[in-house]
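The values are calculated or read from the model by the stated rules, or taken from the named source; none is laboratory data. Since the model is a prediction, treat every value here as computed from it, not as a measurement. Ideal geometry is used to build each Cβ from the backbone, glycine not excepted, and the neighbour counts take in all protein chains shown.
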Amino acid sequence: MALREFRSAGIDPGRDCARLTFLDFHTAVVRAVVSGEADIGTVRTDTLERMAAAGEIRMDAIRVIPADAEPEHREKLTASSRLLLKIIASVRNLAYDLRLQGLDEKGLVRALEVYCVEASKR
């Protein structure tokens, strides 16, 4: 996705960048770009907004690609990012709720054995 965004803006990281670096956190990407350690980076728009609201960055120090995005489109992107984070949290909670009983105490293999024995009795 990041490569597609760069290319749509006429940037080819393989050609236009001296090196490619992958960072673990979006905030680290923003800090690297703002400090000059990196020339370009991609992050979710809500990362920029949160960092600006916290006073960590100035939005006028960053060029957002696509720069011609309408404000309502940016709002939709921000809303969809927040919704996606809520969905991920809900799926994570559902997966936790569906865990086998006794998994923590017995371990996976023993919990599955007990589950299979109980299921075969039904």
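Couple of notes before you dig in:
- Some residue of the stretch 55-68 being under 22 Å from Val29 (Cα atoms), acidic (Asp, Glu) and modelled with pLDDT of 80 or more: yes
- Qualifying residues in the stretch 18-54 (those that are acidic (Asp, Glu) and within 27 Å of Leu83 (Cα to Cα)) - the one modelled with the highest pLDDT: Asp24
- Inspection of the stretch 87-100 finds a residue satisfying the criterion of being of a type in the set (Asp, Glu) and at pLDDT 75 or above.
- Flag for Arg15 being basic (Lys, Arg), exposed (fewer than 10 other Cβ atoms within 10 Å of the Cβ) and modelled with pLDDT of 85 or more: yes
- Cβ-Cβ under 7 Å pairs, at least 6 apart or on other chains, the stretch 91-109 side at negative phi, far side among the small types (Gly, Ala, Ser): Leu100/Ala111; Leu103/Ala111
- Scanning the stretch 1-15 for residues that are outside any loop (DSSP other than H, G, I, E, B) and either of a type in the set (Phe, Trp, Tyr) or touching a residue at least 12 places away in the same chain (Cβ under 8 Å) (or both) gives Ala2, Glu5, Phe6, Ser8, Pro13.
- Checklist (1) modelled with pLDDT of 85 or more; (2) loosely packed, with under 10 Cβ neighbours inside 10 Å applied to Glu118, failing item: (2)
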